[in-house]
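Everything on this sheet refers to the single structure shown next.
The values are calculated or read from the model by the stated rules, or taken from the named source; none is laboratory data. Computed from a predicted structure; not experimentally measured. Virtual Cβ from ideal backbone geometry, glycine too; neighbours counted across all protein chains shown. These area figures cover heavy atoms from the full protein model, side chains too; ligands, DNA and RNA do not enter into them. Shrake-Rupley method; radii C 1.70, N 1.55, O 1.52, S 1.80 Å.
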Amino acid sequence: MIDFKVIGTPILLRNIKKIDPESIEAYIETGGYEALKKALKKSPDELLEEVKKSELRGRGGAGFPTGIKFEIAKNQKETPKFVVVNAEEGEPGTFKDRIILENDPHLVIEGAILAAYIIGANYGYIAIRPDYTLAIKRLEKAIQDAYKYGFLGDNILGSNFSFHLKIKRGAGAYICGEETALLEMIEGKRGEPRKKPPFPPQKGLYGKPTVVNNVETLANLPFIIYYGSEEFKKYGVEGSYGTKLFCMSGDVSWKGIIEIPFGVKLSEIISLAGGVKGGKLKAVILGGVSGSLVKYDEVDIEVDYHSLGRIQAGPGCGTIIVLNDKRDIVDVCENIMRFFKDESCGKCFPCRLGTEASYRIIKKIKEKKANLHDLFNLERICKTMKNASFCGLGQTAPNIILQSLQKFKDEWLSHIS
Amino acid sequence: MKKLVDIKINGKSYLMPEGITILEACKRAGIHIPTLCYLEGITEGGHCGICVVEVKGARNLQRACITKIKEGMEIYTDTPLVRKARKTIYELTLANHKSTCPACQKEEPCEIRKIAKNIGLSEVEVELLFKEHEKDRSIINRDQTKCIECRRCVNTCEKIQGINTLIVDGKGFNSRISPPYNLPLKNTPCVFCGQCVVRCPTGALTEKDDTEKVLDALQDPNKYVVVSFAPAVRASIGELFGLPPGTLVIGKLVAALRKLGFDKVFDVNYGADLTIVEEANELIERIKFRKTLPMFTSCCPAWVKFVEEFYPEMIPNLSTCKSPQAMLGAVIKNFLPELENIPKDKIVHVTIMPCTAKKYEILRPDIMGDIDYVLTVRELAKMIKIAGIDLLSLEDEEEDIPFGEYSGAAAIFGVTGGVMEAALRTAVEWLTGETFSNLDFVPVRGMKNIRIAEIDIKDLKLKVAVAHTLKAAQEVLEKIKNKELDIQFLEVMACPGGCIGGGGQPIPTTEEILRKRAEALYTLDKNKEIRKSHENPFIKFLYEKFLGNYGSEKAHKLLHAKYSHKPNWDDIFNKSYEEICKEVLKY
Ligand SMILES: Cc1cc2nc3c(=O)[nH]c(=O)nc-3n(C[C@H](O)[C@H](O)[C@H](O)COP(=O)(O)O)c2cc1C
Ligand code: SF4
Ligand code: SF4
Ligand code: SF4
Ligand code: SF4
């Protein structure tokens, strides 16, 4: 069981450990599916306005404005349209989607139905990593119950809106979390990213308009629709409204999920997790191993898109890996690059070859067999990956390495013979 | 008319049609952008990243091959960032590639080598990445140490042949291009068409090299080495000696073959005439005696293997006639000893083919032994160069008789629709009992993938179809199966354009080059005095002296084949090629 904490009032974790996740009645009792009932009395246009006004941003990593994504899909003439819930959650150290799905599956289902109603989709998939067996089991039951209660299926609650939802077990590869690779996988093909544009809201699943959203993003919708965007915007700070789940791991005393309103300081979050374990703070890997590296002297910073942007960082998918000062940065980077070289899909040269080549150089540096020239090569390869890789994986794989080359330059140099 | 958009390339303004790629726009502006994986219509996946350019306002470098131009786009093709990225990608590619250029079968067409001058890399600084792999050797050799994973072969097999022999297996650095489970190619449904070979930018896919063995046989005083060259060879070999595509090279080719030491130079076109008289006869019999129709041509071994593998229920539709190469092989091994007074076991018969599947065909049970080696056009050119022969300076010479004479009908065998047209010239005359002077069946010509034509002469009504590429063939077969298409005769060639686009042809083969090679063969036909196979005097001679009637028992024994769904290839292939040669040639 994943432990959790909250700063302020929770939006996403409000039911957790309070209701029986396998009981739809329990969810309904706490006001579940009320947002859906309210929504069906309104037009999709009105609801879209509400989502846009809420300024909700995607929680899957990129932070794309959800309302705009919905609007693009809604404006497409092609049908059918699809909603895809991205529950692949492949980023190391990330388990926030899992906690929602295991403990409050209906919240996500309701969110998906709302998204479908707004864009006019009649079909949806929850694409979930295959090792989330408990989440899958609970989702299966939840979907069945939702059908029974008429929240899913034809003519939902007597309206003329129909929406069908299915679970699709993923391939368990990191790349399958990338939205277009995810779509390829659902279509039964090799999970590799597609060329964008066209973006999924324009041409997605089977070439039809599709919104792909992260579990956590959709879990915000019932709140926004039921209470309104005004209420939602009471959480967080300008440009970053609402709350965000953060997964604490690494050298911290307490591991688990923390829900915070945007704007809380990173150092505060770390303190809430009991502070650094086994030494002093060295750095934080923020937003996953494809995210950013925050140095010990930078952690006194508000966690929101704007503030973090100033230090070339971002909340990403909400992963906080704390590193204490016993950690060797080269060792950390070696681990990260090992992950990416195994998870690169192999579609494009810069990433397929760049991850392997830079991994080998880092290893050589770690073994103190490298010279300065190797370090230059590493930087050159990493920059090329960032600039010339086909998809987000290769483009972000070298992030931590490149940032550490700046922020921990001396430590890298100390490994050079 | 497409809308024009205003774009800037390297600071200069251009008006270009909306919707084209940056690559195309740059090409039109006269700016060359290097590419490695890109192949129009086949591989447009943006894999290699060599073609990256800077686009103002974009977060990353953009792939020119898959990024479409937009109004106001500002493109920079030669910035430091672009150059560095290209160099690094190219360097990584080389680091993962076992470069053995001087000893690589790919030779000049190698695209890694070709783009070197556009990249300007002077050193591979990173550690070599490639792993050693055992070569997969059969008709087509796969060398994974040279594969750059451009995926052209995967796309080719899928999009052109619809077979999907090769797939992307595994992920990341451990991904590889191979048949499923990395099976040897010989144990897959691969039809050995070689289309992947001609598109592979590297030496990762090559045909089995038989040049050494042929050169050895030529030096062996106990051997009488005979050579025959296929219809499509004369339309393309010039390209390998610097002549423009579409140049017919016949006399000089014959001269070069003699100079190489071949004792007799024959022409597979003779075999083509022989195929036509047998096949036309078979068609008429099938129509008369209401046997299985439509009849399928059987001169393309890749197509025959395809039917055996994937449409076994349609095996009875395949004409039992052997291919021109196989018929000529049987005739030479059986009758040349008597004509020239040489013992049969001294004869070594080598054929020059535009095709890799022909190397496989000679291993089929009822053909084995009739032909000893098949060389592709590329291999022959290599041999001529090894021998130091200056092809272009040679005086024209003529093929030997009797198996060097041919009709115009045979000449067009190398083009899609050619076999059909040749067969019709004979069958229509035999069916109607009349002689015709207009011999051009234009509706079966052309480069459309599937062509359907109706022949309506006197009382004779025939409906025929011509398809090239096995993807197109599948479409036709499905239509026949679903009774959506009712025809009597179907010609299929596995390669795009027919043998002129074969897997053994010079590289590259573009649509433009295909058209020129086709034109050359149609011109050859037009200029021939005899344009019908049954009028070839040496065909008549063969039947009078040896075979009796068309379709006679003797003709059947020598010139017709059997097909089966589960050919014994495993047995055959499990022996090494050398073992087979030893067995067959009793070396
Ligand atoms: C390599 C890669 C892996 C990704 N993995 C995930 C993932 O596991 N879960 C997820 O929600 N988004 C993932 N994304 C982001 C998705 O592509 C997409 O942006 C997201 O699902 C959109 O949802 P959102 O707007 O709700 O955040 C990944 C992106 C990349 C480039
Ligand atoms: S960047 Fe990596 S993951 Fe993305 S397409 Fe290229 S090889 Fe695949
Ligand atoms: S494929 Fe090209 S680069 Fe590689 S060894 Fe052959 S000729 Fe050289
Ligand atoms: S030879 Fe032809 S059938 Fe075999 S893999 Fe290549 S393209 Fe496919
Ligand atoms: S075998 Fe050749 S065509 Fe196929 S992926 Fe490798 S390099 Fe490309």
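Hydrophobic long helices, here whole DSSP H runs in chain B with Kyte-Doolittle means of at least 0.0 and Cα atoms spread over 24 Å or more along the helix axis, are not found. Antiparallel DSSP bridges in the protein assembly as shown: what percent, to the nearest 5? Percentage antiparallel, nearest 5: 50. Rounded to the nearest 20, the size of the Cβ-charge dipole of chain A about its Cα centre is 1040 debye, with Lys and Arg at +1 and Asp and Glu at -1. Once the dipole of the stretch B:44-162 is set up with Lys and Arg at +1 and Asp and Glu at -1 on Cβ about the Cα centre, which of B:Ala103, B:Thr67, B:Thr79 lies farthest towards its positive end? Farthest along the dipole direction, towards plus: B:Thr67. In a solvent-free Debye calculation with one equal scatterer on each Cα, what is log10 I(q)/I(0) for the stretch A:4-232 at q = 0.12, 0.15, 0.16, 0.18 Å⁻¹, listed in the order of the q values? Relative scattering, expressed as log10 I(q)/I(0), comes to -0.58, -0.95, -1.10, -1.45. Based on the alpha-carbon gyration tensor of the stretch A:264-417 and its eigenvalue square roots a ≥ b ≥ c, which shape applies: rounded if a/c is under 1.5, prolate if not and a/b is larger than b/c, or oblate? Taking the square roots of the gyration eigenvalues as a ≥ b ≥ c, the stretch A:264-417 is oblate. Once Rg and the Kirkwood radius are both taken over the C-alpha atoms of the stretch B:1-78, their ratio Rg/Rh works out to 0.94. Rounded to the nearest 20, the size of the Cβ-charge dipole of the stretch A:1-104 about its Cα centre is 400 debye, with Lys and Arg at +1 and Asp and Glu at -1.
Taking every Cα-Cα distance in the stretch A:106-227 and sorting them into 5 Å bins starting at zero, the pair-distance distribution P(r) comes out as 2, 11, 20, 23, 22, 14, 7, 2, 0 percent.
Between A:Val284, A:Val211, A:Val237, the GNM of chain A built on Cα springs shorter than 10 angstrom shows A:Val237 fluctuating the most. The P(r) of the stretch A:236-324 has a tail past 19 Å containing 27 percent of all C-alpha pairs.
Take the Cα pairs of the stretch A:329-413, get the Kirkwood Rh, then feed it into Stokes-Einstein at 10 °C and 1.306 mPa s and tell me D in µm²/s.
So the translational diffusion coefficient is about 128 µm²/s.
Per-residue shielding of B:48-56, expressed as the average number of other chain Cβ atoms within 10 Å of the residue Cβ, stands at 3.
Our summary of shape: the Cα atoms of the stretch A:31-101 have principal axis extents of 39, 32, 25 Å, ordered from largest down, in whole angstrom.
The mean number of partner chain beta-carbon atoms within 10 angstrom of a residue's beta-carbon across peptide A:186-195 is 2. For the stretch B:53-105, the extents of the C-alpha atoms along the principal axes are 48, 21, 15 Å, listed from largest to smallest. The mean number of partner chain beta-carbon atoms within 10 angstrom of a residue's beta-carbon across peptide B:94-107 is 1.
Evaluated over the Cα positions of chain A, the convex hull gives a direction-averaged projected area, one quarter of its surface, of 18.6 nm². Cα-based values for the stretch B:359-444, radius of gyration first and Dmax second, are 18.2, 53 Å. In chain B, what percentage of the DSSP-assigned beta bridges are antiparallel, given to the nearest 5? Bridges in chain B that DSSP calls antiparallel: roughly 55 percent. Report note on the peptides A:63-69, A:199-205, B:431-437: ranked by the mean count of other C-beta atoms within 10 Å, highest first, their order is A:199-205, A:63-69, B:431-437. Residue by residue, the stretch A:404-411 carries 3J(HN,Hα) couplings of 6, 5, 7, 7, 10, 3, 4, 5 Hz when phi is fed to the Karplus relation 6.51 cos²θ - 1.76 cosθ + 1.60 (θ = phi - 60°); x denotes Gly or Pro. With all protein chains in place and ligands, DNA and RNA left out, the 1.4 Å accessible area ranks B:Trp430, A:Trp254 as B:Trp430, A:Trp254, largest first.
Leaving out ligands, DNA and RNA, what percent of the accessible area of chain B is carbon and sulfur, probe 1.4 Å?
Details: 11680 of 23670 Å².
Roughly 49 percent, rounded to a whole number.
Projecting the Cα atoms of B:Cys299, A:Ile118, A:Cys247 onto the dipole axis of the protein assembly as shown, where Lys and Arg carry +1 and Asp and Glu carry -1 at the beta carbon, places A:Cys247 farthest toward the positive end.
For the pair the stretch B:244-275 and the stretch B:1-60, the centres of their Cα atoms are 44 angstrom apart.
When all alpha-carbon pairs of the protein assembly as shown are counted, what percent fall beyond 47 Å? More than 47 Å apart: 41 percent of the Cα pairs in the protein assembly as shown. Near A:Lys244, the amide H atoms lying under 5 Å from its own belong to A:Ile260, A:Phe262; only residues 5 or more places off or on other chains count, and H is placed 1.01 Å from N.
Within straight cross-link reach of B:Lys8, meaning Cα distance under 15 Å, which aspartates and glutamates are found once same-chain residues fewer than 8 apart are removed? Result set, ordered by chain and number: B:Glu18, B:Glu24, B:Glu54, B:Glu71, B:Glu74, B:Asp78. Between the residues A:Val108, A:Ala127, A:Phe70, the greatest Cα displacement towards the positive end of the dipole of the stretch A:14-173, with unit charges on the Cβ of Lys, Arg, Asp and Glu, is found for A:Phe70. Sorting B:Asp210, B:Asp459 on solvent-accessible area from highest to lowest, probe radius 1.4 Å, gives B:Asp459, B:Asp210. Scaled to the globular estimate 2.2 N^0.38 Å, the Cα spread of chain B, given as radius of gyration, is 1.01. Kirkwood Rh over Cα pairs of the stretch B:42-142 into Stokes-Einstein at 20 °C, 1.002 mPa s: D in µm²/s? Estimated via Stokes-Einstein, D reaches 135 µm²/s. Estimated at the nearest 10 Å², the accessible area of A:Tyr174 is 40 Å² with a 1.4 Å probe.
Computed from the mean reciprocal separation of all distinct C-alpha pairs, what Kirkwood hydrodynamic radius does the stretch B:211-559 have, in Å? Mind showing how you got there, number by number?
Working: mean 1/r = 0.0497 Å⁻¹.
When all Cα pairs of the stretch B:211-559 are included, the Kirkwood radius is 20.1 Å.
Largest accessible area first, the listed residues B:Glu340, A:Glu268, A:Glu102, B:Glu553 line up as B:Glu553, A:Glu268, B:Glu340, A:Glu102 when surface is computed with a 1.4 Å probe on the assembled protein chains. Antiparallel beta bridges, as assigned by DSSP with both residues in chain A, represent about 45 percent of the total such bridges.
The figure for B:Thr510 is an accessible area of roughly 60 square angstrom, using a 1.4 Å probe on the protein chains alone.
Taking the Cα centre as origin and putting +1 on Lys and Arg beta-carbons and -1 on Asp and Glu beta-carbons, what dipole magnitude results for chain B, to the nearest 20 debye?
On the way: 82 positive and 81 negative charges, 353 e Å.
Rounded to the nearest 20 debye, it is 1700 debye.
The figure for B:Lys131 is an accessible area of roughly 100 square angstrom, using a 1.4 Å probe on the protein chains alone. Working note: Debye formula, equal point scatterers on the alpha-carbon atoms of the stretch B:133-252, no solvent; log10 I(q)/I(0) at q = 0.10, 0.14, 0.18, 0.19 Å⁻¹ is -0.43, -0.76, -1.02, -1.07.
The distance separating the Cα centre of the stretch A:217-283 from that of the stretch A:322-354 comes to 26 Å.
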